[in-house]
Amino acid sequence: MSLVRRLCLVVIVLFTISSCGGGGSGGEGGTFSISGTVSGEASNGVHISLTGPTTASAVTDASGNYSFTGLVNGTYSITPSLTGVRVIFEPSALTTTISGSDVANQNFVELVTFVAASGIQFLPASFSSANQYRVSLVPTADSLYFTDSSNEQLKRIDANSGAVTSMAARIGTPESVVIHGQNVFWVDGNRLNRTALDGTSTTILQTGARDPGAGVTADIAVDDTNAYWANTISSLNCSPSCNWTIQRVPVTGGTPVTLVNTTRKIAALTADASNIYWEEASLEPVTPGCECGSSIKMIPKAGGVVVLLVDNLLNGTLTAPPPGQTPGSWLPTGGIAVSGLQLFFGVAGNTSYQILRVTIANGALTTLASVSSTAGFATGSIKGLNADSTNVYWADGANATIDTVPISGGTVVSLATGLSSVTDLIIAAGMAFWTQVGGAQGCCLQMGAGSIRQVPVAGGAATTVVGNLDAPGALAIDASNNVVWAEFWRVAKWAPAGNVTTLASGISSDLPRITADQANLYVLDGDLIKTMPLGGGRFEKLASAHGGVIGDIGAVNQDITADGTNVYWSVSSTVQMVPASGGAVVTLAVVGGPAPPQDCYWRIAVDSQNVYWSAPSFSFPIGCTVKKVPITGGAVTTLVDFAYMADFATDGANVYFSELGSNPGSIRQTSVNGGPITMVTSNTMAEVLAVDAQNIYWLDPSDTPGGIWRIAKAGGPAGSATLLSLGPLATDPLLARESLGVSQGTCFWSESLDQAILLLGLP
């Protein structure tokens, strides 16, 4: 049974079907009849109009039958119609002649377009005109998968029930992780999340206006009842934001409570059993008593009075400026840590930084260490400040060390040296654990070069806990020695038994391209090829999409496909391949040159021999090409090089492509082995193409008339194509390229402006 027939009983309620009633009437002495059947998905209640010697109307019954009686001899025209539904009848009308006998079998086939899903946020709220957003629809035996730009970007339409189910949510770069009980709490962008430590579920506890670009901390404090985090208050008066808040959010979800608002950036946050402590960072001139500059403050978790622990002049310990000059505030670095009745923090300087201790009860300050540094005044010399009952620990990025000093002050000792880009540090079970991102690759970070390392706090050799990580950042450890960390694409866990598990992952980009084979989904998402079982689960990394580089903004993701053995994708007209089971990435083809002024409909396809893809044209200022390369690698062949080329599709024997430059355009074909280009049909605006075994299908967004069309692969003159679904379609190629496909006797397509996916059972 086709997808549309399984869905029709579900979606038919979306339409209001109305028709004109009435029985047949005949002329005087008429003794003849005309009868027939309308077959299709909504054949009951179709209005049938009869014109000729007699004018009459009828409505089909539950079986789709109609008849007119009492008719005289003559020629009649019969026309079906149905209001409230996007429907086409084949033929659109019939002409028949009564000549002394009844006329039967005046039959019509009804093609009804059904809404499979609606209210879809295909387009992001804002985007650049340079983006080529393209809807991605992928059918399997019992489902239709698609991506959009909502916070749940991958969804599945069940063919049996028509239900739409979220398969994966949006994920930004996780910025912090905290383990409490059996859950991990983490922040990505403007969301506070809770994930089960076994990875079975992720819940968004709170979404805010948090602006990472404004430098607000991602630190979280968690107890048995609540999580505490810093958020941004949306402001129309300044950009980046200049108003921040600390919220108390129930760990089970619910309405947050605002503990405090501030006009200075919240640079760090921590807690003990009773209080929340935070650091405000603002490098500016200060005067005695002003509410400005950097400071450290405290408030009870239950709310109440804010207590100033360290003021903008470091409680009067900053060196006074020369006469006539206004003093400037100190600048925090490295975060804050609390141990017992003491709070520890770092102060940046021109050629050195200091580690300080403040007594919470009276604000007394003590300098524990002063460390020479080449990091500069505002760089953030240190990371991951920690404290226990005896020592303070931190990572020194400029000097590439893990350092410690007694909480009473004294000599700074380096526990590890020669480190590479340390991002976080945590102390647990007598060990110092840290994350480091590894080396660079060209413009950007090298994928797989990051690691988690450890060294005994009593001194000893540093060892690697987990390697081959992708830009690891924040780090947490629980009492069972489970290590949880953030990478740029996931939250992951290492258990003492040695296994690594992805706890939370998702999709980072809007409208990413997806494909599927018999077992898995694959998505071309940012820097990665990710994979997930068809039945659901968590996305895992299959391969680097950009040659092992993280953050290359010059790489343009284009399309992805799979053949059950390998996964193929194109990025900036470079074609790569990786086994579906994982392994080494193989580059099949590299096509240089600038992007064309006219964006091709970026597409990649594969058959048993070759990979085909669209690429820029070097022959036409506004044009594109279709190229191929053997799946085993080899020479690249250009099959099509055409002005105003729009899209292409292939069936393994021929390549079919559309062009929009001949007012309005045409569909043409050529052999996959090369050769002459021949016309399939003209006078049509084929923006998007699809093929099955017998026919070519296309989406025509024009008004003359727009719709979904079909023609046999052998082609024919203008006017020989069949209109399957009448437009005009709600599309705009300047905003998004739509998706069109054919599978199991069903045609499906998107209309991004209507926020819908539509289905049509094919006759």
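The values are calculated or read from the model by the stated rules, or taken from the named source; none is laboratory data. These numbers come from a predicted model, not from an experiment. In this analysis, Cβ positions are derived from the backbone assuming ideal geometry, glycine residues included, and neighbour counts consider all displayed protein chains. Calculation scope for accessible area: heavy atoms of the full protein, side chains included, ligands and nucleic acids excluded. Shrake-Rupley method; radii C 1.70, N 1.55, O 1.52, S 1.80 Å.
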Cα-only radius of gyration and Dmax that characterise region 253-304, units Å: 12.8, 42
Listed values [x] -0.36, -1.00; [y] -0.46, -1.20; [z] -0.50, -1.03, entry calculated as log10 I(q)/I(0) by the Debye sum over Cα atoms at q = 0.06, 0.10 Å⁻¹: [z]
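Mean residue ellipticity at 222 nm from the helices of the chain, using -39,500 (n - 2.57) per DSSP H segment of n ≥ 4 over the full residue count, to the nearest 500 deg cm²/dmol?
Values: 1 runs with 9 residues, N = 763.
-500 deg cm²/dmol, from helical runs alone.
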Using θ = phi - 60° and Karplus 6.51 cos²θ - 1.76 cosθ + 1.60, couplings along region 547-559 (whole Hz; Gly, Pro as x): x, x, 10, 10, x, 7, 6, x, 7, 10, 5, 10, 7
Region 261-382 - Debye-derived log10 I(q)/I(0), Cα point model, q = 0.10 Å⁻¹: -0.29
For the chain: accessible area per residue (Å², 1.4 Å): 39 Å²
Violating pairs (Cα-Cα greater than 20 angstrom) within the set Lys383/Lys530; Lys265/Lys297; Lys493/Lys541; Lys493/Lys530: Lys383/Lys530
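Quick check of the Kirkwood formula: for region 57-131, what is the inverse mean of 1/r over all pairs of different Cα atoms, in Å?
Values: mean 1/r = 0.0613 Å⁻¹.
In region 57-131 this quantity evaluates to 16.3 Å.
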Rg/Rg_globular for region 671-732, with Rg_globular taken as 2.2 N^0.38 Å and Rg from C-alpha atoms: 1.15
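Could you tell me how many cubic angstrom of Cα convex hull volume region 545-593 has per residue? Please list the in-between numbers first.
Numbers: hull volume 3.6 nm³, N = 49.
In region 545-593, the Cα hull volume divided by residue count equals 73 Å³.
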3J(HN,Hα) from dihedral phi, region 444-460, Karplus parametrisation 6.51/-1.76/1.60, rounded to Hz, x for glycine, proline: 9, 6, 8, 5, x, 9, x, 7, 10, 10, 8, 8, x, 5, 7, x, x
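Using only the Cα atoms of region 413-511, what semi-axes does the equivalent ellipsoid have when each is the square root of 5 times a gyration tensor eigenvalue? Give whole Å, largest first. Mind showing how you got there, number by number?
On the way: eigenvalues 112, 64, 19 Å².
Rounded to whole Å, the semi-axes are 24, 18, 10.
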Inter-centroid distance (Cα atoms) of region 455-510 relative to region 348-372, Å: 31 Å
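Under unit Cβ charges (Lys, Arg +1; Asp, Glu -1), what dipole magnitude, rounded to 20 debye, does the chain have relative to its Cα centre? Please list the in-between numbers first.
On the way: 31 positive and 52 negative charges, 158 e Å.
Dipole size: approximately 760 debye.
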Positive-pole candidate from Ser739, Thr632, Ala686, dipole of region 605-763, charges at beta carbon: Thr632
Label-to-label distance, nm, for residues given as Asn468 and Ala214 (7 Å Cα→Cβ offset): 4.2 nm
Cut-off of 10 Å, at most 13 other beta carbons, DSSP loop: longest stretch of the chain lacking such GluC sites (Glu not before Pro): 292-763
Gain in span if fully extended, Glu90 to Ser671, counting 0.36 nm per residue against the direct Cα distance: 205.9 nm
